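Heads up: the structure comes next, in structure tokens.
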Number of protein chains: 2
Amino acid sequence: MEMIPLAWYIAPLGAITALVFAVVFFFQVKKADPGSERMVEIAGYVREGAFAYLKQQYKGVSVFFIVAFILFQVMSLGLGVLHWLVPWAFLTGGFFSGLAGYIGMNIATYASNRTTQACSSSLNKGLKIAFRAGSVMGLTVVGLALIDISAWFFVLTWFDFPLEKITVIMLSFGMGASTQALFARLGGGIFTKAADVGADLVGKLEAEIPEDDVRNPATIADNVGDNVGDVAGMGADLYESYAGSILATAALGMGAVSMLGAKYQGLMINFVIAPMVLAGIGALLSIIGIFMVSTRENANTRQLMFSLNKSVYIISFLIGIAAFFITRILLPADFYFGVFISTVIGLVVGILIGKFTEMDTSHSFEATRNIASQGTYGAATVILEGIAVGMKSTAAPVLTIIIGILAAFISSHGFQSIEMGLYGIGFGAVGMLATLGVTLATDAFGPIADNAGGNAQMCHLPEDVRHMTDSLDSVGNTTAATGKGFAIGSAALTAMALLAAYLEEVRAVVLLMGEKAGRVMYLLIHHSKDNFELIPVKKASVLHFINYYQIHVLNPKFLLGVFIGAMVAFVFSALTIKAVGKAAGKMVQEVRRQFAELPGILEGTTKPEYATCVKISTIGAQREMLLPALIGIVTPIITGLILGVAGVLGILAGALAAGLSLALMMNNAGGAWDNAKKYVETGQHGGRHSDTHKATVIGDTVGDPFKDTAGPSINILIKLMSMVSIVFAGLIVTYSLNVEKIRPPFSKEIPDKKMQNEIIALRPHSPCLGCPSLTSDCLADSLKKK
Amino acid sequence: MEMIPLAWYIAPLGAITALVFAVVFFFQVKKADPGSERMVEIAGYVREGAFAYLKQQYKGVSVFFIVAFILFQVMSLGLGVLHWLVPWAFLTGGFFSGLAGYIGMNIATYASNRTTQACSSSLNKGLKIAFRAGSVMGLTVVGLALIDISAWFFVLTWFDFPLEKITVIMLSFGMGASTQALFARLGGGIFTKAADVGADLVGKLEAEIPEDDVRNPATIADNVGDNVGDVAGMGADLYESYAGSILATAALGMGAVSMLGAKYQGLMINFVIAPMVLAGIGALLSIIGIFMVSTRENANTRQLMFSLNKSVYIISFLIGIAAFFITRILLPADFYFGVFISTVIGLVVGILIGKFTEMDTSHSFEATRNIASQGTYGAATVILEGIAVGMKSTAAPVLTIIIGILAAFISSHGFQSIEMGLYGIGFGAVGMLATLGVTLATDAFGPIADNAGGNAQMCHLPEDVRHMTDSLDSVGNTTAATGKGFAIGSAALTAMALLAAYLEEVRAVVLLMGEKAGRVMYLLIHHSKDNFELIPVKKASVLHFINYYQIHVLNPKFLLGVFIGAMVAFVFSALTIKAVGKAAGKMVQEVRRQFAELPGILEGTTKPEYATCVKISTIGAQREMLLPALIGIVTPIITGLILGVAGVLGILAGALAAGLSLALMMNNAGGAWDNAKKYVETGQHGGRHSDTHKATVIGDTVGDPFKDTAGPSINILIKLMSMVSIVFAGLIVTYSLNVEKIRPPFSKEIPDKKMQNEIIALRPHSPCLGCPSLTSDCLADSLKKK
């Protein structure tokens, strides 16, 4: 086997340490006082519901995985367009992501009542329980993703796979994580909002009972939904980004080092392992960050928020320092500093997006307050102002991401070598996500605190306890919103890295074809009259591929791909919003039925049938997610088969650009509506029960599926489409309709008539075996004949 | 002068004939019975308001034109980055568009009461008056645009300007039309909705008087708004598309014929005039189409609709046939058929988009009815369902446009010559817009019928007359919706053609630089190690430019441009929505003031001060449009200066792709909400005054700025950004920061050290005068030295 540098072992070390601490925190939380019998009972319902959902979801996922696994085997063993290890990598990626979701849900549902109970003695204790539980999720995601990556890397190196194979095989392991994320985010998003809307429409409006009332049969489902959507869903989403960014960067590292010239070839493995090492260090530092979180008693929201943010800032700072040494040790002297700067840029971008999200959604700021004041004119103006706020809020984060990407590209010497620039962008994404142990802990803290509040409400705990859980909940709302900003920001950077890595996968596919056919593969790049070059695929740069496939703005296949990508983001959002509507409709019927058939419920004498509501949300979520999921999966495949590689890159770019803005708009509009309502509830514009409040409640209801279903699901969409493209690259390169090439200028004037035909009309299964729509050594022969 | 082929004279002939018939129809309508004194009085208020607005708008436009003219003179005479004729072309483009708007408003405000009066004798007469008035608008737009184009073309040819100069100078004449369209569409959109929302919020909700009640001070402004937004705004929008598509196609024709090889050089002028001839034929055929419109008495909505559609279909068919002969006569035998097919595709796409729009917004179909039925759950579900319908409705038209563009590209031999393919796409756009005489007549019919209804209502005319005006109004609503579909569809195709034509403008800019410096300009295309070519700029293909500027998916400057473009579409929409809100707020205050200070108004004894309301809407519209307008203008310039040509093409592609979906979503959601409300008003789900009705009214209010301000304004945004890019191409090519070039592969291995520096670091005002960031003969020298 090739020698793996010692530094690499930091990655598995970080992974294992993270997992060990996850176990420690798990038992710490579990052994905390669970509270009164009633509290345990209520929490038990939620726990039961959550696992009922998870069981159903994992059933669905399993079916999907089995089908996909078989399909991949056909593509691999049958058609020979996929490496034989890819289906297996796919399985482990999915398995570990699912395991992380299971563990996260497990601890979150333990933590709710324990947080409530801890609040009855001290705010600091409550904060710690909730945050430690969140940390279990954070560390589990980081640990499992990193151990999976490390194990594959170690084993493949052990068996002497060449590095360029290792990176592309592992890349498609992200497809497993993608699939899990799809089910978790999309299914979870539909579940939680179906339950929420259903509970509100019948409970609050028709039966006029307050929120989180035990008499409402959908209340438990609503609480389950918080865990399902915001713990498991968010976790799977970020698991995917985390693994995806590391793997894409490793693959881009291969490309970068190849283009730097012979001098640096010895450092190839360093380029590949550097992102893993950075992630490993991040995991270790995260543990320190988690221990730093504490607060003093009577802390206000701002101070609580700071106690969480503080650890994120410090960890980011420490990771920045670590990045300096990692890049310095592993990368060549001419380049390390640029890559280090790219990492710092990624860290800063992550923090800034969170800040901007806060400014657009927190009711301490103008934007959200304006929405509340529009409530005095009625619901319509609330909606309009909210949409305008959401649309306008795209500017700051998008500009931040753009400037970040450009700066990372430039500082990593992108203008000297595009491959180095792309590597730098990837490194920025890894840097941003290296803080995941802490940032995800902060995100997962939100729904736990929310559920703790629900538990306190349903158990009618004393005012001062509820005041404390409310404080935590309020902070949790903000971290949930900024977490969404972080999630979409990191998804955008990851998708960008995946987009670049896609061409590495195309290269691997072509090489695989050559292997099967026993031929050396070349790209014929045709510059102009009498000026063409045969570039060995192995040594071709991304610019060669871009040139070969004509992936430029005036190739209609590319440009129309961009149109389709943008449109799919809208249609996907429409379908997720409709999915919530449909699932919520069934929930409404069920709650009405229970109220009608069991009149004891409203009197508080009969226990509502919580489980049926959970089941309805569960089945609804799993059923209604099918169509949007299918759109996400099928679009790149069909587009690819018709428009080829250029079309695929078009839709990825279009979906990424439009999806980013659309997701930000929906997340932020939803968050702002939510907080505008809360702002009115603080007594502004007439307070609760005023007409203004009613208007803002309508805004909040519109915002719910925006911010918890459609918006976050777009994260998945843009990454999933990249992953599908990567895994199906073989199929698309081989079988895409041969409208593949726009003739480069003057191509019809190629002197050799015979060769002209071969270049232009080379089709799959043409006489030149093994070179579908690509030139190979038989073409080289004809060149020699010339 | 070069010989202009005889066929070309069809263009000015068509233009003049259209204008003659416009005059005839104008006087026909004007001499019709204007109705009772009261009807004339009411119409007079609207007319007065409309001209008050137009006067104010043209003041604003004039200021803008003067500033822009001076700026262009500086760019032309001072910096030498613009041809000296461009500022003048800009002026005439703007002048004729403004004149068309003036005439259209003039006739529309004459027509309203005359239509009402005609309805009191016969439905057919009413239809004819309204449609003839609409035709005046349609024929004026077509006639003035075409006469302006013809005049410039004739004069420039007369003075022996070379063809390649003529086409690019004329292209920037579209900037004048763009500016007019910006003011008309954006200002008009804000005006109409500020008045509408203001009238509704205070009149309907607070004072509880019905719609179109003369006691409401904002009612006249509301009626004025229909003319301002839907007649003048829509007219200016389509004027721009019409002129833009013809000019862009002419410019693309230049590129196409150059690349076809020496054999076809003699046909150069034919390629340039062909789109003008097609437009001329379209103008002539439109007149026939207008005469075909009539209906029988007691026709229902469906039959009325058909009587309008019929003429569009027949004209489309005839234009298709004419296109066959035009292309056959003017274009080379190998290529004409493909271009003919592209034209047919454009015609079909135009009709299909209209159909799809109808299906998504008419309450005869599922989508809109579902929104109405969601009203039973309240306003929130109406909003969610409407947004979902809007988002989903993007699929069919976007796919239609994509398939249309691809088919037009392929059939015009795009895979043999990308230039021919782009020419075919342009021809498709011209074909679609060749029907404009009739289609715009149909669109303008809508607000005229609407105002006729308002007139009947305010004058308390008998039930049967109001029934007839209601029939016309109802048809007008549908044509307004389908007209919006046609407008965005044609805007997308035009923008696509402009995007391609942009590179022709870049070429012209570089040639202009060379002229000034007395040098021959070359592009240095650097393929790989030791493989570079010097291509004379004059003969470079678009692929050479793409290669030179590296306008491909993995150039961050391009890709980040796409991000910015998508984001700007969102921010622009946010600002337009906010603009309506702000202007409406002032209107609300004014109406409240009048009701408070003049209590006689509500009793019907005091005449409200209509003019102040018109003034408030006017000033509000002109003031609030500034910020979004500025965003549209400044974005491509700043992005261009920082990210260069690649960045500009990125934002154009991003804004086009995301803007198309966003505009369709907002137009169709708005239309569907409007009709869902109307559907409930037909008695469904409890009918008027039910809770469901209230919920759908909220949907309608949200939809108003969606469909009448933000959505249609995006048409302008995507075309305006293209036009700004075209006019500022000189500035951007010359002064963009020199982060311009990603080194092609292996560039650092260029053997000659000195030359390497010159290639990479060539900056504006570098020693090599006249070749800012471009290579010129001095580089050729250094190559020879090598």
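General observations
- Acute angle (nearest 10 degrees) that the helix B:463-517 long axis makes with the longest principal axis of chain B, alpha-carbon atoms: 20 degrees
- Net charge dipole size for chain A [Lys, Arg +1 and Asp, Glu -1 on Cβ; Debye, nearest 20]: 1620 debye
- The residues of segment A:517-673 expose on average 27 square angstrom of accessible surface per residue, using a 1.4 Å probe on protein heavy atoms.
- Taking every alpha-carbon pair under 8 Å whose residues sit at least 6 apart, chain B reaches a relative contact order of 20 percent.
- Based on the Kirkwood approach, the hydrodynamic radius assigned to segment B:138-284 is 17.8 Å, with every pair of different Cα atoms included.
- Segment A:116-274: relative contact order in percent, alpha carbon pairs under 8 Å with at least 6 residues between: 26 percent
- In Hz, Karplus ³J(HN,Hα) per residue of segment A:333-345 (6.51, -1.76, 1.60; θ = phi - 60°; x = Gly, Pro): 4, 6, 10, 4, 5, x, 5, 4, 4, 4, 5, 4, 4
- Beyond 20 Å in Cα-Cα separation lie the following of the pairs A:Lys355/A:Lys392; A:Lys165/A:Lys538; A:Lys615/B:Lys392; B:Lys59/B:Lys707: A:Lys615/B:Lys392; B:Lys59/B:Lys707.
- Volume of the Cα convex hull of the protein assembly as shown, divided per residue and given in Å³: 158 Å³
- Pairwise FRET efficiency - B:Leu534 versus B:Lys263, Cβ, R0 = 30 Å, nearest 0.05: 0.75
- Karplus-derived HN-Hα couplings along segment A:627-639 (A = 6.51, B = -1.76, C = 1.60, θ = phi - 60°), whole Hz, x at Gly and Pro: 4, x, 4, 4, 4, x, 7, 7, 3, x, 5, 5, 4
- Looking at segment B:279-407, the accessible area is 37 square angstrom per residue; that uses a 1.4 Å probe and ignores ligands, DNA and RNA.
- Cα-derived Rg to Rh of segment A:581-699, Kirkwood definition: 1.16
- Split the accessible area of the protein assembly as shown by element, probe 1.4 Å, and carbon with sulfur accounts for 63%.
- Segment B:608-659, Rg to Rh (Cα coordinates; Rh as Kirkwood inverse mean 1/r): 1.31
- Two-site FRET efficiency, B:Lys310 against B:His467, from Cβ-Cβ distance with R₀ of 25 Å, rounded to 0.05: 0.60
- Accessible solvent surface per residue of segment A:151-235, calculated while the other protein chains remain in place, 1.4 angstrom probe, Å²: 23 Å²
- Residues in segment B:199-230 occluded by at least 30 Å² - accessible area, probe radius 1.4 Å, against chain by itself: B:Leu201
- Gyration tensor verdict on segment A:1-116 (Cα atoms; rounded if a/c is under 1.5, prolate if a/b is larger than b/c, oblate otherwise): oblate
- Residue-averaged beta-carbon neighbours from other chains (10 angstrom radius) around A:386-398: 6
- Couplings for segment A:283-289, taken from phi via the Karplus curve 6.51 cos²θ - 1.76 cosθ + 1.60 with θ = phi - 60°, read 4, 4, 5, 4, 4, 4, x Hz in order; Gly and Pro are left as x.
- Reduction of at least 50 Å² in accessible surface, 1.4 Å probe, comparing all protein chains with the chain by itself, residues of segment B:548-575: B:His552, B:Val553, B:Leu554, B:Pro556, B:Leu559, B:Leu560, B:Phe563, B:Met567, B:Phe570
- Projecting the Cα positions of A:Ala434, A:Phe183, A:Tyr522 onto the charge dipole of chain A (unit charges on Cβ atoms of Lys, Arg, Asp and Glu, taken about the Cα centre) puts A:Tyr522 furthest along the positive direction.
- Degrees, to the nearest 10: A:123-158 long Cα axis against longest axis of chain A: 20 degrees
- Here the spin labels are modelled as points 7 Å beyond Cα on the Cα-Cβ line, and at A:Thr606 and A:Ser62 they lie 3.5 nm apart.
- Listed peptides A:600-609, A:658-667 appear in the order A:658-667, A:600-609 once ranked by packing, highest mean of other Cβ atoms within 10 Å at the front.
- Around the amide H of A:Leu523, modelled in the peptide plane, lie the amide H atoms of A:Ile535, A:Val537, all under 5 Å away and 5 or more residues distant in sequence or on another chain.
- Shown is the FRET efficiency for B:Leu99 and B:Gln73, computed with R0 = 22 Å from the Cβ-Cβ distance and rounded to the nearest 0.05: 0.40.
- Structural size metrics of segment B:89-169, computed from C-alpha coordinates, are Rg and Dmax of 18.2, 59 Å.
- Dipole axis of the protein assembly as shown (+1 Lys, Arg; -1 Asp, Glu on Cβ), positive-most option in B:Val142, A:Ala388, B:Val24: B:Val142
- Rolled with a 1.4 Å probe across the full set of protein chains, the surface gives A:Lys586 an accessible area near 90 Å².
- For the chain pair A and B, buried accessible area totals roughly 7800 Å², probe 1.4 Å, rounded to the nearest 100.
- Relative contact order, percent, segment A:227-371 [alpha-carbon distance under 8 Å, six or more residues apart]: 17 percent
- Restricting the calculation to Cα atoms, every distinct pair contributes to the Kirkwood radius of chain B, found to be 26.6 Å.
- Computed from the C-alpha gyration tensor, the three semi-axes of the ellipsoid equivalent to segment A:206-249 are 37, 7, 5 Å, from longest to shortest.
- Between 0 and 90°, nearest 10: helix A:610-624 axis offset from chain A longest Cα axis: 20 degrees
- Here each label is just a point 7 Å from Cα along the line to Cβ, and for A:Ser294 and B:Met3 those points are 9.6 nm apart.
- Charge dipole magnitude, Cβ of K and R +1, D and E -1 - segment B:265-399, Cα centre, debye nearest 20: 200 debye
The values are calculated or read from the model by the stated rules, or taken from the named source; none is laboratory data. Because the structure is a prediction, the values reported are computed rather than measured. Cβ sites come from the backbone with ideal geometry, for glycine too, and all protein chains shown count toward neighbours. These accessible areas exclude ligands, DNA and RNA; they are computed on the full protein's heavy atoms, side chains included. Shrake-Rupley method; radii C 1.70, N 1.55, O 1.52, S 1.80 Å.
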